[in-house]
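This report refers to the structure that appears directly beneath it.
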Amino acid sequence: MTSSKTILRALDGETLPTPPIWMMRQAGRYLPEYKATRAQAGDFLSLCYNPDLATEVTLQPIRRYGFDAAILFADILLIPQALGADLWFVTGEGPRLSTITSQADLDKLGPVSDIHETLNPIYQTVRNLSGALPIETTLIGFAGAPWTVATYMIAGRGTPDQGPAHRLMNEQPEVFDALMDKITEATIDYLLMQIEAGAEVVKIFDSWAGSLPSAAFQKYSLEPARRITAALKAKYPDTPIIGFPREAGDGYIGFAKATGVDCVALDNSVTPGWAVKNVQVDGCVQGNLKSSHMVTGGQALVDETRAIVKAFSGGPHIFNLGHGITPDADPDNVQRMIDAVRDV
Ligand code: CP3
């Protein structure tokens, strides 16, 4: 029987007359209902670890817009916290963590087998969602890719050039490699638990893949994605995986084949014309409207949305933004984008 879930059909390689659609950061501060629930939770991390409220914010964009997928509400930095790092968010600035700059710092982390104690509420959110979503809506779980998570664990915060992580990689390669291995193993266990709890697709966010030069990209973006994909597929061969090596440029070419992911998410640095020839030839792609259109709106939003739909219409495609929607976006522009995709 053909699935009623269009996202699963696209991930299976089907070319659909209208691409299914969801949006990175679709539950977020541009929505008044998100802000209200977040205020009720107190702060961002309390929201992530409260299964009832995390379920509620995951469902809000589904109720408002009828997206074809819901993405679990959580954060990529819960893995470092579950491994024993300190984590907090500074309002208006972003995440802060204890740093890792030596073997001694690495030794302070707990064992991978202990992560579920912290992460159990996340699995409960996934279970809640799999019972609560409309039949046609696909539930996407996720984790950060090891390189991207490592950049935050090493620097203790977001950095414009991931300098501290590059420095550790070059100056103490054995500490860096041990950290990458630990994150990779934790990520495999975390994603397996999400799938067991009901996630139907998982996405691996490598937001800082673009700062890895090509040999390092192979070793620290592509290879961990391949390892994670192989481990998940060994147990759940039918669960599709979306890879997002953001700003990988030429690294996008052959990424799906080399890693085994079912779909590659595209950022805004590649044009649809290029991606059709170089990436969509290997299967499903996701993307890639500039998220600034959600702020500026107007005819440009409609024209650009239609151009992306048309460019990718010859193969499997999931419509999305090239990166997350920002807090200053206008919720009405999201509806305009959806209408333009569905041509209503
Ligand atoms: O997409 C979704 O709606 C699902 C939930 C989700 C969040 N973060 C919620 C969130 C997902 C998939 C993420 C991924 C994530 N988190 C990434 C990778 C994707 C990307 O954007 O590149 C990264 C790098 C992070 C780490 C992170 N979390 C940062 C740097 C920040 C601060 C910046 C910001 O936008 O405030 C966060 C906070 C965060 N994660 C928020 C949300 C909704 C905002 C928190 C708030 O409500 O104050």
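Any residue at all in the range 237-258 that's over 22 Å from residue 280 (Cα atoms) and either without any contact (Cβ under 8 Å) to a residue 40 or more places away in the chain or of a type outside the set (Val, Ile, Thr) (or both)?
No, the conditions are met nowhere in the range 237-258.
Kindly provide the set of residues from the range 45-57 that are of a type outside the set (Gly, Ala, Ser) and touching a helix residue (DSSP H, G or I) at 6+ places or on another chain (Cβ under 7 Å), ordered by number.
Residues satisfying the conditions are 47, 48, 49, 50, 51, 53, 55, 56, 57.
Answer yes if at least one residue in the range 103-110 is closer than 29 Å to residue 341 by Cβ and open to solvent by 30 Å² or more (accessible area, probe 1.4 Å), and no otherwise.
no
Somewhere in the range 30-45, is a residue within 19 Å of residue 338 (Cα to Cα), crowded, with 18+ Cβ neighbours inside 10 Å, more than 9 Å from the ligand (Cβ to nearest atom) and within 19 Å of the chain's Cα centre (by Cα)?
Yes: the range 30-45 contains one or more residues that are within 19 Å of residue 338 (Cα to Cα), crowded, with 18+ Cβ neighbours inside 10 Å, more than 9 Å from the ligand (Cβ to nearest atom) and within 19 Å of the chain's Cα centre (by Cα).
Pairs needed: first member in the range 28-56, within 25 Å of residue 323 (Cβ to Cβ) and outside any loop (DSSP other than H, G, I, E, B); second member anywhere, more than 9 Å from the ligand (Cβ to nearest atom) and acidic (Asp, Glu); C-beta distance under 6 Å; at least 6 residues apart or different chains.
Filtered contacts from the range 28-56: 37/56.
So which of 174, 185, 200, 247 is at positive phi and open to solvent by 10 Å² or more (accessible area, probe 1.4 Å)?
Details: 174 fails: at positive phi; 185 fails: at positive phi; 200 fails: at positive phi.
Criteria check complete, one pass: 247.
Output the residues belonging to the range 14-29 that are near the ligand (Cβ under 9 Å from one of its atoms) and open to solvent by 60 Å² or more (accessible area, probe 1.4 Å).
25, 29, listed by residue number.
Out of the residues in the range 276-330 that are part of a helix (DSSP H, G or I) and among the basic types (Lys, Arg), which is nearest to residue 75 (Cα to Cα)?
Among those that are part of a helix (DSSP H, G or I) and among the basic types (Lys, Arg), it is 306.
Of all residues in the range 315-333 being among the β-branched types (Val, Ile, Thr) and more than 25 Å from residue 15 (Cβ to Cβ), which is surrounded by the most Cβ atoms within 10 Å (Cβ to Cβ)?
So the residue we want is 325.
So which of 106, 11 is within 17 Å of the chain's Cα centre (by Cα) and away from the ligand (no atom under 15 Å from the Cβ)?
Numbers: 106 fails: within 17 Å of the chain's Cα centre (by Cα).
Testing whether each residue is within 17 Å of the chain's Cα centre (by Cα) and away from the ligand (no atom under 15 Å from the Cβ) leaves just 11.
The values are calculated or read from the model by the stated rules, or taken from the named source; none is laboratory data. From a predicted model like this one, the values you see are computed outputs, not experimental measurements. Neighbour counts are summed over all protein chains in view; Cβ atoms, including those assigned to glycine, are modelled from backbone coordinates with ideal geometry. Calculation scope for accessible area: heavy atoms of the full protein, side chains included, ligands and nucleic acids excluded. Shrake-Rupley method; radii C 1.70, N 1.55, O 1.52, S 1.80 Å.
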